[in-house]
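The values are calculated or read from the model by the stated rules, or taken from the named source; none is laboratory data. None of the values given here were measured: they were computed from a predicted structure. Cβ placement follows ideal geometry from the backbone for every residue including glycine, while neighbour counts extend to all protein chains displayed.
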């Protein structure tokens, strides 16, 4: 474009052309498309690390409990009289309340990535062992391992839970006078560092309003039976029984969507209190090997 004349010459005033502006915008868009997923992955990795730290703290608290309980793990949903106006119909005490005197922190039960939609804590169907937690509404993202279904045990026992899995048996008793679940002893676990004690559990399916829980209440505090369908990294859909992505025999929840987890897997606490990240295929292989207390000497399929 023409400028003003000065000293007998003409100065050209430069500027961006439309094409140049569009090129710059296109470059910015390309860079954003490349960097935004990287930022998202970095953010999820940070949340995964925070979640793993939570599980480590829970593991320390549980191992302190075990030492004080003559080397016996907590019973799943131990029925004790509720406190602070808690439920009278369901007086089961979840793991988070059992080991709270050791952890001194109820916020560690919430994974930063857990955005699963729950019924509000004020929902009248929810039961509370400590009714003060209804107002707190602290999301619980982890479930304690009870006995699950395996191929090795179920054919001979009509699909019942394998007593060689989980750190406690499971009972539906809801009153202190009912037969309580029994935590298993440390001596029953031959490889504590390779035996799962706690897993991320924030999956809901099939319209089950109680599939997601809060600290202070019994709902979704325990993994038992076919609940392994909820484990992160499992790909929904039917698969052959021999496939590493399959569910144990007799479990019909293959199409339900599992916990989102982190990077195709999930954080787990082991029976020695340590914390590890594992894929579903790793925890499913060799007929739920990582859930078994006494490890089989030979491979068991599926």
Search result, residues across segment 281-301 that are more than 14 Å from residue 193 (Cα to Cα) and in contact (Cβ under 8 Å) with a residue 40 or more places away in the chain: 281, 284, 285, 287, 288, 296, 300, 301
Qualifying positions in segment 122-137 - under 23 Å from residue 200 (Cβ atoms) and either modelled with pLDDT under 95 or surrounded by fewer than 19 Cβ atoms within 10 Å (Cβ to Cβ) (or both): 123, 136, 137
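For every residue, the table says whether it meets (1) over 22 Å from the mean Cα position of the chain (by Cα); (2) assigned to a loop (DSSP other than H, G, I, E, B); (3) surrounded by 12 or more Cβ atoms within 10 Å (Cβ to Cβ).
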site: 86; (1), (2), (3): yes, yes, yes
site: 96; (1), (2), (3): no, no, yes
site: 108; (1), (2), (3): no, no, yes
site: 111; (1), (2), (3): no, yes, yes
Report yes if some residue within segment 120-130 is under 24 Å from residue 286 (Cβ atoms) and part of a strand (DSSP E or B); otherwise report no. no
When only residues in segment 140-156 that are touching a helix residue (DSSP H, G or I) at 6+ places or on another chain (Cβ under 7 Å) and in a loop (DSSP other than H, G, I, E, B) count, which is nearest to residue 75 (Cα to Cα)? 141
If you take the residues of segment 41-59 that are farther than 20 Å from residue 98 by Cα and crowded, with 20+ Cβ neighbours inside 10 Å, which of them is modelled with the lowest pLDDT? 48
Requiring at least 2 residues that are crowded, with 21+ Cβ neighbours inside 10 Å and touching a helix residue (DSSP H, G or I) at 6+ places or on another chain (Cβ under 9 Å), the strands (runs of 3 or more DSSP E) wholly within segment 199-302 are 222-225, 265-270
Taking segment 148-198, which residues are crowded, with 16+ Cβ neighbours inside 10 Å and at positive phi? 166
Kindly indicate whether residue 72 is under 24 Å from the mean Cα position of the chain (by Cα), farther than 30 Å from residue 263 by Cβ, at pLDDT 95 or above and surrounded by 17 or more Cβ atoms within 10 Å (Cβ to Cβ). yes
Scope segment 120-139; condition over 20 Å from residue 74 (Cβ atoms) and under 18 Å from the mean Cα position of the chain (by Cα); matching residues: 137, 139
